[in-house]
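The values are calculated or read from the model by the stated rules, or taken from the named source; none is laboratory data. These figures come from a predicted structure and were not determined experimentally. We place every Cβ from the backbone using ideal geometry, glycine too, and count neighbours over all the protein chains shown. Just so you know, the surface numbers come from the protein's heavy atoms only, side chains and all, with ligands and any DNA or RNA stripped out. Shrake-Rupley method; radii C 1.70, N 1.55, O 1.52, S 1.80 Å.
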Amino acid sequence: MKFIKLTIENFFRVRHMTVSLDPNGVTLIEGENRDTGQSNESGKSTIFEALCWGLFGRYSAGGARAGDEVVNPQVGKDCRVTVCLENGDFTTWFERGRKVNGKNNYLKIMSKANGTKVGAVAEFDMSRKNVSASTMAVNEILGMDYDTFVRGHYFPQAGVLPFGLMTDGEMKQFFIEKFLNIGWVDGCLDRAKNKKKGIEVEVLQLHSRIAQAQAKIEIHRNTIRQCQERFKEWVDDQAKRLRDVQDVIKQIAQEDKALNKQLKDAKAKLKKTKKPKDYDKQLESACTQRDYAAEHTRKAEHIVNRMEYQVQITSKEVTHLTDQIGKVRARIGDRCEVCGTNITNKHMGFMTCALEEKHLECKKSLNKFNEQLKEAKIDVARYQQEYNKAQVLFDDLQQKVSNSGTEYTQAEHEVKILEGKIDGVKRLLDSANNKKEVILGEKDPYTDQIQQHEDDIVDLLENIKFVEGQHSQLIDQIERVEFWIEGFSQKGIQSYLLDSITPTLNQRVNFYLKDLSDNRIRAEFQTVTKNKSGEWTDKFKLIVRNIDGGDTYTSLSGGAKRRVDLACSLAVSDIKRSMSQKPLELFVFDECTEFLDGFWVERFLDSIKRNFGQYSTFVISHRQLNGAYFDHVLRVVKENGESKIE
């Protein structure tokens, strides 16, 4: 993949700039700030900050999100960055804008097959439903996100945390989720853990079912003993039970009659109560009136703003013409430069005629605009009054709807409660009548009950056996899920993948450090660390060894830190490109010579020339660098607050 062209409009101090990104070789970007007489803040870095913002909606100096600060402060709108990318057989355009044609923020992605004309059928829109989703599409097309891009292709001055200062969690987040793009493993781990929790809940439920079944068995056995004891009392008790049931039937019948009368009254009340939907048409009408008044209020306010602007402009024109006429009349008595005669009042008519006509015309226009402004303000007041009136009506109807809903719900609830009570009474009545029939027809109720309880005990024992079988299967499932939990954990596939890339990553880091430090500095990523007790723990960190003293990243000098940072980022870039079928052929080194003395600057440029000279490589610097290392030079000049390519 190769970036072809970058077009910047109204981005920070750049009004309009087009930059070619496809020349092979190393390009030096120089700058001159003619406003200050220095090379700093000329807009060199702005070119590639615009590239980052156009692709990802972020830039290194702007943090996680970029807002309206990217818009050119003099223009205040129409901030737009377009990036053209050649991707094999296709050419893709990414266009991101801010405050363009009323849109606060947008991202458009277009692509076409190479060899077709722009606008042909082969051109298609790859944009998604919103800016966030479209930015994800950019990540998919490039095969990387913002963090990977600024660590492997664009090396900005600041805004990127060095690997030497990253925590274990930050390291793993970058390499697993962003660099290797295997963040899905955490999702699999969570699902496996949730699966295990779900199975454990099922196991507990099975334990509960077994305990409940055993408790029921004991209850059935106690009941059998009770039935055997009560059988002797059954004969004497039958007559008493029959009388009691008849009394209950009589009481239930009386209660049923009283409840039916209450239900009849409640239904009559419900029928008279208004429903909230009865107010729908009135609400719709009030809402329409309010929206109509609001829309006309906005239109009238727009006319007021426009007329106020016209009055202001015309007033200034009248004042200007008055001043011009005064200046011409002040020349009475002066000698004419053309004919040499003195200027008199007679000459004034010819000299001020056109100005006075234009002055009169402007005053007429001013009066007209004032009248229109007055009418528009009257319209605003009138429509605002209509809106307030409609809003009051709407609020009143809503209150009525709320009240009617409460009343209707209460009445409806009362009916349902009474219907429920009546159903309960009917069930009680049926139960009592059935009980009466049973008592009248029973001969030996305990024998059948005892048999039923014994049958229930047999069923419960079989159910316990079945549940125990299910329990055994769930235990087997837990063992299998625990295997996947360990596999998806940091000690599993994540650790394996990190361990797999670490040797190659370290080899590439020290390959570049050989050029940048003469092997006096060595650095390597380690996936395990020995703690104070001598045990090895899973911890990802960068280890630095310096022959000249200092075995930690923080103990290095500024220049040494810069060289280690560059070596790590270039190593990450090498591995990322080796993993891609269509690697990105762009590298930007922004002020990477900062903190380096002259000798190491030369070594750095020589390494860049040898290792990245076949790609589109850009070096940004405010220092005077040896031109022998560069194939092209791009000069950025800032003058009167605006950056341009010269």
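Overview of values
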{"quantity": "Count of the stretch 33-86 residues which are in a strand (DSSP E or B) and open to solvent by 70 Å² or more (accessible area, probe 1.4 Å)", "calculated": "2"}
{"quantity": "Sole residue being surrounded by fewer than 18 Cβ atoms within 10 Å (Cβ to Cβ), at pLDDT 85 or above and not aliphatic (A, V, I, L, M), chosen from Glu170, Glu200", "calculated": "Glu200"}
{"quantity": "Residue in the stretch 103-114 that is in contact with a Phe, Trp or Tyr (Cβ under 7 Å, 6 or more places away or on another chain), outside any strand (DSSP E or B), at pLDDT below 90 and over 22 Å from Ser616 (Cβ atoms) present", "calculated": "no"}
{"quantity": "Whichever residue in the stretch 383-425 is among the charged types (D, E, K, R) and open to solvent by 100 Å² or more (accessible area, probe 1.4 Å) and, among such residues, is farthest from Asp244 (Cα to Cα)", "calculated": "Lys389"}
{"quantity": "Qualifying residue in the stretch 607-615 (condition: among the basic types (Lys, Arg) and open to solvent by 80 Å² or more (accessible area, probe 1.4 Å))", "calculated": "yes"}
{"quantity": "Unique residue being over 30 Å from Leu429 (Cβ atoms), part of a helix (DSSP H, G or I) and open to solvent by 70 Å² or more (accessible area, probe 1.4 Å) when the list is Glu317, Glu284", "calculated": "Glu284"}
{"quantity": "Cβ-Cβ under 9 Å pairs, at least 6 apart or on other chains, the stretch 560-588 side under 21 Å from Thr27 (Cα atoms) and acidic (Asp, Glu), far side open to solvent by 10 Å² or more (accessible area, probe 1.4 Å) and not in a helix (DSSP H, G or I)", "calculated": "Glu585/Met1; Glu585/Lys2; Glu585/Asp22; Glu585/Asn24; Glu585/Gln614; Glu585/Tyr615"}
{"quantity": "Close pairs (6 angstrom Cβ cut-off, 6 or more residues apart or separate chains): over 21 Å from Leu566 (Cα atoms) and in a strand (DSSP E or B) in the stretch 521-534, of a type in the set (Lys, Arg) and modelled with pLDDT of 85 or more anywhere", "calculated": "none"}
{"quantity": "Selection count, the stretch 122-150, where residues are more than 19 Å from the chain's Cα centre (by Cα), within 18 Å of Glu585 (Cβ to Cβ) and assigned to a loop (DSSP other than H, G, I, E, B)", "calculated": "1"}
{"quantity": "Subset of the stretch 401-433 [without any contact (Cβ under 8 Å) to a residue 60 or more places away in the chain and of a type in the set (Val, Ile, Thr)]", "calculated": "Thr406, Thr409, Ile417"}
{"quantity": "Failed item, numbered, when Lys443 is tested on (1) part of a helix (DSSP H, G or I); (2) charged (D, E, K, R); (3) loosely packed, with under 13 Cβ neighbours inside 10 Å", "calculated": "(1)"}
{"quantity": "Residue identified as at pLDDT 85 or above and of a type in the set (A, V, I, L, M, F, W, C) among Ala192, Ala215", "calculated": "Ala215"}
{"quantity": "Residue ID - nearest to Ala354 (Cα to Cα), chosen from residues in the stretch 288-314 that are among the aliphatic types (A, V, I, L, M) and open to solvent by less than 40 Å² (accessible area, probe 1.4 Å)", "calculated": "Val311"}
{"quantity": "Criterion violated by Ile475 - all others in (1) at pLDDT below 85; (2) exposed (fewer than 13 other Cβ atoms within 10 Å of the Cβ); (3) closer than 25 Å to Arg191 by Cβ satisfied", "calculated": "(1)"}
{"quantity": "Of all residues making up the stretch 604-646, the number that are in contact with a Lys or Arg (Cβ under 9 Å, 6 or more places away or on another chain) and basic (Lys, Arg)", "calculated": "2"}
{"quantity": "Matching residues in the stretch 460-469 - criterion: being within 18 Å of Val201 (Cβ to Cβ) and either open to solvent by 60 Å² or more (accessible area, probe 1.4 Å) or touching a Gly at 6+ places or on another chain (Cβ under 9 Å) (or both)", "calculated": "Glu468"}
{"quantity": "Pairs, first at negative phi in the stretch 444-471, second modelled with pLDDT of 90 or more and open to solvent by 60 Å² or more (accessible area, probe 1.4 Å), C-beta under 6 Å, six or more apart", "calculated": "Leu460/Lys216"}
{"quantity": "Condition met for Leu142 (within 24 Å of Met17 (Cβ to Cβ), at pLDDT below 90, open to solvent by less than 30 Å² (accessible area, probe 1.4 Å) and in contact with a helix residue (DSSP H, G or I) (Cβ under 9 Å, 6 or more places away or on another chain))", "calculated": "yes"}
{"quantity": "Exclusive hit being closer than 30 Å to Val70 by Cα and in contact with a Gly (Cβ under 7 Å, 6 or more places away or on another chain), set Ser616, Ser569, Ser580, Ser621", "calculated": "Ser569"}
